[in-house]
Amino acid sequence: MLPNLVVDTTVLPPADRFEFWYALVAQETAPVHITSARLDDFVAYAQAIDLGRIRLASLRYPSLHATRPAGLVRRTETDIYQLTLPLTGRSTLVQDRTETTLVAASHFTLLDTARPHTARHQADGPGLATTITVQIPYAALPLPPDRLHCLLARPMPAHLGVGGLLIQHLRSIVSHPEQYEPNQAEMLGAVALDLLTATLAQRLDIEGVLSPEARHTTLRARVVDFIDRHLDSNELSPSSVAAAHHISLRSLHRLFEAEATTVAELIRSKRLEQCRRDLGNPLLRQPVHVIAARWGFLDRAHFSRLFRAHYGRSPQEYRTGVARQDR
């Protein structure tokens, strides 16, 4: 599992919770002035994960208003950008005369903690607002700061293009840190940085400044996303993937040279995983061969051999075992 810091203010007496959260925010991001109607019993949660040069956090908290005025900026200088993605509630951010209200889970934005800004986070009803943030040092983002200025507090789609791949990557890490090894943290951070850099460069129309590494990471992420979205197509193959991305088959294979799997193996393993999920779904009573065919395995015997080699049991044995566990 990735090393991560987990904080729950409910372990503290109600009177101490807000002060603790206030100090945590100053430590994890940048000092701000915070006000809230729930100061007397501030129930909040945080999870922070170090990913090499960047720091990823998932936060849940009551409605609040945070301000980082010029005086506080001068007293606590920082050189950090902050990516903000609200998952629930409503967030309104203001920086350099730009005001943006982000649609939960649909848009993210970038703030510069070296400049004054304000943030109003409104939870849905009596619940808690949920936000993902990423702290990115200036030096880690290889784009001209004067060009980035025009993107501050501007909404960017969280489900389209490279930005969508970036958000999908971040949410996967936050939701399942246990699926990664500690020594993968730096690599995961580097992928996030490359995707963020590509997203911002695309919006600034300066993609030519991207490093070969960033272009490689971005193209590979696009390929994997394409595969995920077309797993149920009988036309899906390394050749069709290469054609869809306007690259040669040789260039496609070169993208995965550093991985422990080929493109064909990646497609096969992802399809097998979809079959495993469907076989374990008690509401899906279709025959095994129908499920297999839906995910591109038309030869029953071949599918059974592949499934057993991958999961140690035949498809029917797996389905029966899951059914017994659920009784």
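What percent does the relative contact order of segment 129-288 come to when contacts are Cα pairs within less than 8 Å and at least six residues apart? List each step's numbers first, then the result.
Working: 86 pairs, mean separation 26.5, N = 160.
Averaging sequence separation for qualifying contacts and normalising by length gives 17 percent for segment 129-288.
Relative contact order for the chain: what percent, with Cα pairs under 8 Å and sequence separation of 6 or more? It would help to have the intermediate numbers written out before the result.
Numbers: 516 pairs, mean separation 43.3, N = 327.
Value for the chain: 13 percent.
So, taking all protein chains as they sit and a 1.4 Å probe, how much accessible area belongs to residue 228, in Å² rounded to tens?
Answer for residue 228: close to 60 Å² accessible.
Quantify, in whole percent, the carbon and sulfur part of the accessible surface of the chain (1.4 Å probe; protein heavy atoms only).
Carbon plus sulfur share of accessible area: 52 percent.
Percent of Cα-Cα pairs per 10 Å bin, from 0 to the last occupied bin, for the chain, please list those.
With 10 Å bins starting at 0, P(r) equals 5, 22, 28, 22, 15, 7, 1, 0.
Pop out the ³J(HN,Hα) list for segment 22-34 in order, Karplus 6.51 cos²θ - 1.76 cosθ + 1.60 with θ = phi - 60°, rounded to Hz; leave Gly and Pro as x.
Running phi through 6.51 cos²θ - 1.76 cosθ + 1.60 with θ = phi - 60° gives 4, 5, 5, 4, 4, 6, 7, 10, 8, x, 9, 8, 10 Hz.
Between residue 147 and residue 289, what is 0.36 nm times their sequence separation minus the Cα-Cα distance? Round to one decimal in nm.
Extra length available between residue 147 and residue 289 comes to 45.6 nm.
Quick one: work out Rg over Rh on the C-alpha atoms of segment 100-248, Rh as Kirkwood radius. Display every interim value, and only then the final one.
Details: Rg = 17.0 Å, Rh = 17.2 Å.
Over the Cα atoms of segment 100-248, Rg/Rh equals 0.99.
What residue among 287, 52, 18 has its Cα farthest toward the positive end of the dipole of the chain, where the charges are +1 on Lys, Arg and -1 on Asp, Glu, each on the Cβ?
Selected residue: 287.
What residue among 31, 137, 145 has the largest mean-square fluctuation in a Gaussian network model of the chain, using Cα springs under 10 Å?
Comparing 31, 137, 145 in the GNM, the peak value goes to 145.
Give me the percent relative contact order of segment 88-133, please, defined on Cα pairs under 8 angstrom at least 6 residues apart. Don't skip to the answer; put the middle values down first.
Details: 65 pairs, mean separation 22.2, N = 46.
Over segment 88-133, the number comes to 48 percent.
Counting Lys and Arg as +1 and Asp and Glu as -1, each charge on the Cβ, what is the dipole of segment 1-102 about the Cα centre in debye, to the nearest 20? Spell out each step's value before the answer.
Values: 10 positive and 11 negative charges, 49 e Å.
That gives a dipole near 240 debye.
Compute the length gained on full extension between residue 274 and residue 79: take 0.36 nm times their separation in residues and subtract their Cα-Cα distance, giving the result in nm to one decimal. Walk me through the numbers before you get to the answer.
Values: separation 195, 0.36 × 195 = 70.20 nm, distance 4.35 nm.
My answer for the length gained is 65.9 nm.
Once the Cα atoms of helix 212-229 and of the chain are each reduced to a long axis, what angle between those two axes, in degrees from 0 to 90 to the nearest 10, is obtained?
The two axes meet at around 60 degrees.
Ranking request for peptides 180-193, 202-215: highest mean number of other beta-carbon atoms within 10 Å first, then the rest in descending order. Don't jump to the answer; show the numbers that get you there.
Values: 180-193: 17.0, 202-215: 13.7.
Result, highest mean Cβ count within 10 Å first: 180-193, 202-215.
P(r) tail for segment 11-161, what percent of Cα pairs lie past 24 Å? Write out the running numbers ahead of the final one.
On the way: 3238 of 11325 pairs.
Of the Cα pairs, 29 percent sit more than 24 Å apart.
Please state the Cα pair-distance histogram of segment 189-327 with 10 angstrom bins from zero: what percent is in each bin?
Reading upward from the zero bin: 11, 33, 28, 18, 10, 1.
Taking the Cα centre of each part, how many Å lie between segment 194-260 and segment 139-156?
Cα centres, segment 194-260 to segment 139-156: 23 Å.
By how many nm would the segment from residue 253 to residue 308 lengthen if fully extended, with 0.36 nm per residue of separation less the alpha-carbon distance? Mind showing how you got there, number by number?
Values: separation 55, 0.36 × 55 = 19.80 nm, distance 2.69 nm.
That works out to 17.1 nm of additional length.
Nearest 10 degrees is fine. How inclined is helix 161-175 to the longest principal axis of the chain, computing both from alpha carbons?
With both axes taken from Cα atoms, the answer is about 90 degrees.
Among 217, 87, 251, pick out the residue whose Cα is farthest towards the positive end of the charge dipole of the chain, where Lys and Arg carry +1 and Asp and Glu carry -1 on C-beta, about the Cα centre.
Value computed over the given set: 251.
Whole number in Å², please: accessible area per residue of segment 172-315, 1.4 Å probe, ligands, DNA and RNA not counted. List each step's numbers first, then the result.
Working: 7990 Å² over 144 residues.
Each residue of segment 172-315 exposes 55 Å² on average to a 1.4 Å probe.
For the chain, what is the mean residue ellipticity at 222 nm derived from helices alone (per DSSP H run of n ≥ 4: -39500 (n - 2.57); sum divided by total residues; nearest 500 deg cm²/dmol)?
On the way: 12 runs with 139 residues, N = 327.
So the helix-based figure for the chain works out to -13000 deg cm²/dmol.
With only Lys, Arg, Asp and Glu charged, each at its Cβ (+1 for the first two, -1 for the last two), find how big the charge dipole of segment 78-232 is about the Cα centre; round to the nearest 20 debye.
Working: 12 positive and 16 negative charges, 85 e Å.
In debye, rounded to 20, segment 78-232 gives about 400.
Kindly report the accessible area of segment 1-147 per residue (heavy atoms of protein chains, probe 1.4 Å, no ligands, DNA or RNA), in Å².
With all protein chains present, segment 1-147 gives 46 Å² per residue.
The values are calculated or read from the model by the stated rules, or taken from the named source; none is laboratory data. Computed from a prediction, not measured in an experiment: that's the story for all the values here. Positions of Cβ are backbone-derived with ideal geometry, glycine not excepted, and every protein chain shown enters the neighbour counts. To get the accessible areas, we keep the full protein, side chains included, count just its heavy atoms, and leave off ligands, DNA and RNA. Shrake-Rupley method; radii C 1.70, N 1.55, O 1.52, S 1.80 Å.
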